[in-house]
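Student: Sending over a structure as structure tokens; questions will come in a sec.
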Amino acid sequence: DLEASRKMTQDKKISQPIKILFVGAMIKPKGVEETLKVAKFLETKGIHYELDLVGDGPDLNQFKKQAEDFGISSKVHFHGGVSHYQVSRFYEKAHFLCLLSHTEGWPKVISEGMAYGVVPLSTPVGSIPHYLKKFQIGRVLQAGDIQGFVQEVENYLNDPRLWKEESLRALKYAELFTYEKYLDEVRELFNS
């Protein structure tokens with residue numbers, strides 16, 4: 001998967017419409033409401049975007065109604081639960097992974113997105129801030145800082161070279177989260 005994703009996304013560039021992706025359970029603690037607020041604010045700033053939300057959950061209909069109430073339902077697409085293959089098609093097109101969760105460890109969706117050169121925008125939960133700082137990719141802000149997230153998207157738009165550098169670093173560091181790497185570390189642990 002990693003080799004295929006690298007070939008598909010090596011030439012990816014940031015341009016409008018910005019492709020923002022959320023992958024996860026459709027529940028409030030995952031930050032879907034905050035993600036919709038980011039989209040609404042992008043709309044008011046005149047930034048062209050598309051937001052794809054992949055996942056299912058008990059709050060899905062509430063989030064669909066919120067998108068309608070915000071007047072952004074034409075640019076916000078709810079796809080429900082999809083297969084691993086289908087999710088990879090979303091990663092392939094995305095510029096940003098928006099994960100404004102209230103709690104996480106190291107979410108698999110971030111490393112999956114990184115394998116496709118997707119730059120993460122996240123909240124400071126779990127080990128996310130540690131790794132994003134170490135890899136020098138993405139941005140970490142408080143969930144309620146909607147204007148801050150939008151400002152970061154604008155900053156990347158104004159400096160496409162920066163986005164591209166971080167996208168390529170994401171591709172590079174995604175290798176640390178492969179199953180093969182995990183098995184190597186387990187073998188090393190047993191050998192020591």
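The values are calculated or read from the model by the stated rules, or taken from the named source; none is laboratory data. As the structure is a prediction and not an experimental result, all values here were calculated from the model. Glycine also receives a Cβ, built like all others from the backbone with ideal geometry; neighbour counts cover every protein chain displayed. Note: areas computed on protein heavy atoms with side chains; ligands, DNA, RNA excluded. Shrake-Rupley method; radii C 1.70, N 1.55, O 1.52, S 1.80 Å.
Student: Could you grab me the full set of residues in segment 94-103 that are outside any strand (DSSP E or B) and either aliphatic (A, V, I, L, M) or out of contact with any strand residue (DSSP E or B) (no Cβ under 8 Å at 6 or more places or on another chain) (or both)?
Tutor: Matches in segment 94-103: Ala94, Leu100, His102, Thr103.
Student: For the subset of segment 75-92 comprising residues that are within 21 Å of Leu157 (Cβ to Cβ) and outside any strand (DSSP E or B), which member is least open to solvent (accessible area, probe 1.4 Å)?
Tutor: Selected residue: Tyr91.
This table checks each residue for (1) modelled with pLDDT under 95; (2) open to solvent by less than 20 Å² (accessible area, probe 1.4 Å).
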| site | (1), (2) |
| --- | --- |
| Leu2 | yes, no |
| Ser5 | yes, yes |
| Ser15 | yes, no |
| Lys19 | no, no |
| Glu33 | no, no |
| Ala39 | no, yes |
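Student: Still on this model: Of the numbered conditions (1) open to solvent by 30 Å² or more (accessible area, probe 1.4 Å); (2) out of contact with any Pro (no Cβ under 6 Å at 6 or more places or on another chain), His95 fails exactly one; give the number of that condition.
Tutor: Just one mismatch for His95, condition (1).
Student: It is to be established whether one or more residues within segment 164-173 are under 12 Å from the mean Cα position of the chain (by Cα) and not in a strand (DSSP E or B).
Tutor: yes
Student: Could you pull out every one of the helices (runs of 4 or more DSSP H) wholly within segment 107-163 that has 3 or more residues that are out of contact with any helix residue (DSSP H, G or I) (no Cβ under 8 Å at 6 or more places or on another chain) and surrounded by fewer than 23 Cβ atoms within 10 Å (Cβ to Cβ)?
Tutor: In segment 107-163, 128-135, 146-158 are the helices (runs of 4 or more DSSP H) which contain 3 or more residues that are out of contact with any helix residue (DSSP H, G or I) (no Cβ under 8 Å at 6 or more places or on another chain) and surrounded by fewer than 23 Cβ atoms within 10 Å (Cβ to Cβ).
Student: Considering (1) surrounded by fewer than 16 Cβ atoms within 10 Å (Cβ to Cβ); (2) over 17 Å from the mean Cα position of the chain (by Cα); (3) not in a loop (DSSP other than H, G, I, E, B), say which one Pro58 fails and leave the rest.
Tutor: Of (1) surrounded by fewer than 16 Cβ atoms within 10 Å (Cβ to Cβ); (2) over 17 Å from the mean Cα position of the chain (by Cα); (3) not in a loop (DSSP other than H, G, I, E, B), only one is false for Pro58: (3).
Student: Could you list, ordered by first residue, the pairs with Cβ atoms under 6 Å in which the first is in segment 167-192 and small (Gly, Ala, Ser) and the second is modelled with pLDDT of 60 or more and open to solvent by less than 80 Å² (accessible area, probe 1.4 Å), at least 6 apart or interchain?
Tutor: Between residues of segment 167-192 that are small (Gly, Ala, Ser) and residues that are modelled with pLDDT of 60 or more and open to solvent by less than 80 Å² (accessible area, probe 1.4 Å), the close pairs are Ser167/Gly117; Ser167/Val119; Ala170/Met114; Ala170/Gly117; Ala170/Ile137; Ala174/Ser111; Ala174/Met114; Ala174/Ala115.
Student: Restricting attention to segment 16-55, which residues are assigned to a helix (DSSP H, G or I) and of a type in the set (Gly, Ala, Ser)?
Tutor: Passing the criteria: only Ala39.
Student: Looking at (1) closer than 20 Å to Asp52 by Cβ; (2) in contact with a Leu (Cβ under 8 Å, 6 or more places away or on another chain), can you tell me which one Val140 breaks?
Tutor: Among (1) closer than 20 Å to Asp52 by Cβ; (2) in contact with a Leu (Cβ under 8 Å, 6 or more places away or on another chain), Val140 violates only (1).
Let's see how each residue does on (1) closer than 16 Å to Gln136 by Cα; (2) touching a residue at least 12 places away in the same chain (Cβ under 8 Å); (3) acidic (Asp, Glu):
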site	(1), (2), (3)
Gly81	no, yes, no
Arg89	no, no, no
Lys93	no, yes, no
Cys98	no, yes, no
Thr103	no, yes, no
Ile110	yes, yes, no
Ala115	yes, yes, no
Val119	yes, yes, no
Ser122	yes, yes, no
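Student: Which residue, of Ile47, Ile110, Ile14, is aliphatic (A, V, I, L, M), under 23 Å from Asn155 (Cα atoms) and over 16 Å from the mean Cα position of the chain (by Cα)?
Tutor: Residue meeting the stated conditions: Ile47.
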